[in-house]
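For reference, the structure is listed below as structure tokens.
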Amino acid sequence: MTRRAPPSWSERIYSLLVALLFPAEFRARFGQDARDFFRDQLLEERERAGAFGVALLWWRALPDLVTSALHERANALVSPRPRQDRMSTLLFNDARYALRAFRRQPLFFGVAALVLALGTGAVSTIFSVVNAIVLRPIPGARDASSLVEVGRTRPNRGGSLTASYPYYRYVATRAKSVDGLAAWGMTMVNLSTGGQGIAGLGNAVSGNYFSVLGVTPALGSFFSGTDDVTLGREPVAVVSHAFWRRHLGGDSSVVGKTLRVNGRPLTILGVAPPRFTGVYPALRTDIWVPLDLRTELRGDSSTLGDAGSSWMQLVARLAPGTSPARARQELSALTAQYVAAAGDGESRMMNEYAAADVDPVAGVPADVAGAVTGFLGVLLAIAALVLMIASMNVASMLLSRAVVRRREIAMRMALGASRTRLVRQLLVESSLLFIAGGALGTLVAVWGTRVLQRIELPVD
């Protein structure tokens, strides 16, 4: 018969601490099991790392011993609680035990949380881009759901054509299905406040552009009226809120001051509201000028009334109770009338576009919205695949860790823990791990979205 070795000094000290710290009921039920468990760990650490392993074991055991003792003493002083309170206490204890386990293995916890953060952060970032470009209405616009893009198209809805100013005025003065039709076009500009020039994106817009969109100024006022030729003779401009903050110092007295645009001095009429950057939020507009100033700023020889100069985008607000299909029908009829009336005033190629198309305003032009949405959908699917792979990797890590913890689980079952209790403990650990990964993923998404917002998209 094998004789058991006498207890070491570490075992004697541990037994003394159990006797001094824990209440009698706990010592009677679990005292011997706790001492046996400590003895097994002590033997294992001695074989693995000698005196250093023993010191490391005490470093981990003492905080757990004191914390558990205080908890048992507190439980012994209070009366039995309802089942719901007991369940809350058990879940709290499971969470606390899980945190201690993570503290003992910080590398495992850190790697698993980082893998989950990359997966969730990728999905959140791509979805933020999809939301900003495709799903979210124009920031700063009133009732953006009633805004539509209007474009010339062939009667069989093949292809699209931007509008000329005569076509815009013909349709705008006759359409009853829309509550305002505005025109605008993009142009690259060089802006200067007296120092170094700044390359930016400008929009030449009709006088009713801001009123049709339902945008109110942050400072000053916007253009008004429908006589775009007369308005173009006024050297005025509206700057974006971001340009005002970044390059004009957020000066509240900026209205009435001069800004040089492509070398021409323009008077600042107003400042757009925060986050409003035009019909396409993905393209950050810095300045808006009257339509008739575009040819001068670009140095073109054409005039605003040139029927062959087709460069404008049209945006309209549907009249109350009017559907996009009804507006498409009326605008197509008006377009056919315009083509018939224009005769040789337009080229033969332009005369082929004798119908109109009406599409809800999105963050990108209607003719490329399908391609952009499909591309972003592929990116979102790839990000979701990355998240799935990350989750599978973390699951594999947890399974490998479970193999290492077989001895611990067997000891807990020997102490009386049920299978349900053990499953709940493992679920709490996994939940805390995924919550931490999700929180880090949110930070990754915020950082990634800010990085993407700084990318200047090419206008073309």
Practice task
Roll a 1.4 Å probe over the protein heavy atoms and report the accessible area of Leu20 in Å², nearest 10.
Solution key: 110 Å²
Exercise for the section: Kindly express, to the nearest 10 degrees and within the range 0 to 90, the angle between helix 9-21's C-alpha long axis and the longest C-alpha principal axis of the chain. Expected result: 70 degrees
Completion exercise
So the angle from the long Cα axis of helix 83-104 to the longest Cα principal axis of the chain, reported in degrees to the nearest 10, equals 90 degrees
Handout entry: Answer label for Kirkwood radius over Cα pairs in Å (calculated), chosen among (1) 25.0; (2) 26.8; (3) 28.3
Key = (3)
Fill in the blank from the handout: Within the chain, excluding any trypsin sites (Lys or Arg not before Pro) found in a DSSP loop (not H, G, I, E or B) and having at most 15 other Cβ atoms within 10 Å, the longest uninterrupted segment runs 5-141
Exercise for the section: State the answer as a single residue: which of Ala272, Thr125, Ser332 lies farthest towards the positive end of the charge dipole of the chain, with beta carbon charges of +1 for Lys and Arg and -1 for Asp and Glu, about the Cα centre. Expected result: Thr125
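Using a 1.4 angstrom probe with every protein chain in place, what is the largest-first accessible-area order of Ser224, Ser418? Walk me through the numbers on the way to the answer.
Details: Ser224 90, Ser418 60 Å².
Per-residue accessible area, sorted high to low, gives Ser224, Ser418.
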Completion exercise
Taking R0 as 51 Å and r as the Cβ-Cβ distance between Leu385 and Ser192, the FRET efficiency 1/(1 + (r/R0)^6), rounded to the nearest 0.05, comes to 0.60
Practice task
Using θ = phi - 60° and the Karplus relation 6.51 cos²θ - 1.76 cosθ + 1.60, list the HN-Hα couplings for region 312-328 in order, rounded to whole Hz, with x at every Gly or Pro.
Solution key: 9, 9, 10, 10, 9, 10, 4, 5, x, x, 9, 8, x, 5, 5, 5, 4
Completion exercise
So Met397 and Ile409, fully extended at 0.36 nm per residue minus their Cα-Cα distance, gain in nm 2.6 nm
Problem - the chain, helix-only ellipticity at 222 nm - DSSP H runs n ≥ 4, -39,500 (n - 2.57), divided by all residues, nearest 500 - result: -18500 deg cm²/dmol
Exercise for the section: Could you tell me the accessible area of Leu21 in Å² (1.4 Å probe, neighbours in place), rounded to the nearest ten? Expected result: 60 Å²
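Keeping all protein chains in place and using 1.4 angstrom, which order do Glu11, Glu25 fall into by accessible surface area, from largest down?
On the way: Glu11 25, Glu25 130 Å².
Accessible-area ranking of Glu11, Glu25, largest first: Glu25, Glu11.
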Problem - In Hz, Karplus ³J(HN,Hα) per residue of region 276-285 (6.51, -1.76, 1.60; θ = phi - 60°; x = Gly, Pro) - result: 7, 10, x, 5, 10, x, 5, 9, 7, 7
Practice task
Enter the accessible area of Trp184 (Å², nearest 10), with the probe set to 1.4 Å and all protein chains included.
Solution key: 10 Å²
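Leaving out ligands and nucleic acids, note down the accessible area per residue over the chain with a 1.4 angstrom probe, in whole Å².
Values: 24560 Å² over 460 residues.
With all protein chains present, the chain gives 53 Å² per residue.
To the nearest 0.05, what FRET efficiency results for Lys257 and Asn93 with a Förster distance of 45 Å applied to their C-beta separation? Working shown, then result.
Values: r = 66 Å, r/R0 = 1.47.
Plugging the Cβ-Cβ distance into 1/(1 + (r/R0)^6) gives 0.10.
The values are calculated or read from the model by the stated rules, or taken from the named source; none is laboratory data. Quick caveat, the model's predicted, so the values are computed rather than measured. Please note: Cβ atoms are built from the backbone with ideal geometry, for glycine as well, and neighbour counts cover all protein chains shown. Heavy atoms of the whole protein, side chains included, go into the accessibility calculation; ligands, DNA and RNA do not. Shrake-Rupley method; radii C 1.70, N 1.55, O 1.52, S 1.80 Å.
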